[in-house]
Every structure is written in structure tokens, then in C-alpha cells.
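*Asks:* The structure that follows is given in the form of C-alpha cells.
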Amino acid sequence: TLFCALDRLLAQKDTVNVAIDGNSGAGKSSLAGFLSQIYDCNVFHTDDFFLRPEQRTPERYSQPGGNVDRERFAAEVLAGLASGRPFSYRPFDCGRMALDEPVQVTPRRLRIVEGVYSLHPELSRDWDLRIFLRADPVTQSERILARGGPALHRRFLDQWIPLENRYFIACDVPRRCDLLLP
């Protein structure tokens, strides 16, 4: 179904914009990586746009989807794609808590944005395909533990997953998607 949808869109349109949202540990990055092996495409990760330290305020975290720098993502990536010309953006490095070196991008026909918050209303654009990936809580917990270890796992359970779930409900994300994948 996914490949048929992508192939149909690529046959009909000059550019195709895809968003892959869903809960942590659901496989969004893996799916985007797999698609990039099959299609000539750009892949952008919302994880590269976590808030910088000075942006991490109670007011910001109180907003559904407030823990990602939507403004910078829109200004750097979405505006760059809309221009159709080469552009660059600076991913956020969580280890250094700072912006990293610029990544140079040449826009391709297929553009995939993956990550929690990729379907936030403030990042709304004319997505040609909206995908939501789900992982049940047990699978999600196991994957996060395996990926990041006990300390990161605890932080996800206590902080990040509740923020994600609030965003999914407040922004009605799954209902707005074209494909729901388990």
C-alpha cells in the first residue's frame, strides 16, 4: 500500500512531500531509511530540531508539540524545500546541546520528514502523504530501553512519551493521516 501510494504520487506530481509521525520507538527513522534505499529522496528528522537549552521553558513545554523547534524547522527546511534550490540547515546535537555544522541539501522530487511532531499544525504544508506509525507500549518501552539504556528509558517514560501523547491527542494526529501502520 505504501509503495503503491508513493509510486502513484510520483507519477502524478513534480514533487512529493511525505510526513511520517508516530510514537517513539515505532520505527519512523527505520522506515524513512528503508525508503531512502529504494527512492532517490531527501530525509529530514525532527529529532535534529530539538529545543536549544535557552528555549526549554515551562511555557514552551506546556504547548502540545512544544519540545521541538518548529520555527527553525519551518525557516530552514520547509522554506528551503519550497525554494526548490540547494539550501542548508543545522541539526541540533543533543550530546553537545548545541547546533552542529550545516548540512547541505539539494532538493529531490521525494521529500520525507520523519519524527514525532512532523505533523504539527504549525508545520502544516500540503503533505501529499501523511503516515502514522504506532508501537504498543510494551514494544515501545523495549525498543527505547535497547536503543538508549536505562537512564534514557526512564526519561522517555517520565517526560517525552507523555508529551508525545498529549500532542497526538491535542492535534488529532492519527485521524489526520492517510496511512496508519502498526
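The values are calculated or read from the model by the stated rules, or taken from the named source; none is laboratory data. This is a predicted model, so every value here is computed, not measured. Here the Cβ positions follow ideal geometry from the backbone for every residue, glycine too, while neighbour counts run over all protein chains shown. For the accessible areas, the whole protein counts, side chains as well, though only heavy atoms, and no ligand, DNA or RNA atoms are used. Shrake-Rupley method; radii C 1.70, N 1.55, O 1.52, S 1.80 Å.
*Asks:* Restricting attention to segment 95-112, report how many residues are over 18 Å from residue 41 (Cβ atoms), open to solvent by less than 70 Å² (accessible area, probe 1.4 Å) and either in contact with a helix residue (DSSP H, G or I) (Cβ under 9 Å, 6 or more places away or on another chain) or part of a strand (DSSP E or B) (or both).
*Replies:* 3
*Asks:* Exactly one condition in (1) open to solvent by 90 Å² or more (accessible area, probe 1.4 Å); (2) within 12 Å of residue 116 (Cβ to Cβ) is not met by residue 143; state its number.
*Replies:* (2)
*Asks:* Hey, another quick one. Quick one: how many residues across segment 10-41 are in contact with a Leu (Cβ under 7 Å, 6 or more places away or on another chain) and within 23 Å of residue 117 (Cα to Cα)?
*Replies:* 11
*Asks:* Separate question: For segment 152-173, does any single residue satisfy the condition of being touching a strand residue (DSSP E or B) at 6+ places or on another chain (Cβ under 8 Å), surrounded by 15 or more Cβ atoms within 10 Å (Cβ to Cβ) and of a type in the set (A, V, I, L, M)?
*Replies:* Taking every residue of segment 152-173 in turn, at least one turns out to be touching a strand residue (DSSP E or B) at 6+ places or on another chain (Cβ under 8 Å), surrounded by 15 or more Cβ atoms within 10 Å (Cβ to Cβ) and of a type in the set (A, V, I, L, M).
*Asks:* Another question about this same structure. Any idea which of 149, 115 is modelled with pLDDT under 95 and on the phi > 0 side of the Ramachandran plot?
*Replies:* 149
*Asks:* Looking at segment 92-103, I want the residues that are more than 15 Å from residue 73 (Cα to Cα) and touching a residue at least 12 places away in the same chain (Cβ under 8 Å) and have a partner that is open to solvent by 50 Å² or more (accessible area, probe 1.4 Å) and not polar (S, T, N, Q) with Cβ atoms under 6 Å, at least 6 apart or on another chain. Which pairs are those?
*Replies:* 97/53
*Asks:* Next question, about the same structure. Just to be sure before I move on: is residue 62 loosely packed, with under 12 Cβ neighbours inside 10 Å and either in contact with a strand residue (DSSP E or B) (Cβ under 8 Å, 6 or more places away or on another chain) or farther than 29 Å from residue 1 by Cβ (or both) in the structure I sent? Steps first, answer last, please.
*Replies:* On the way: loosely packed, with under 12 Cβ neighbours inside 10 Å: yes; either in contact with a strand residue (DSSP E or B) (Cβ under 8 Å, 6 or more places away or on another chain) or farther than 29 Å from residue 1 by Cβ (or both): yes.
Yes.
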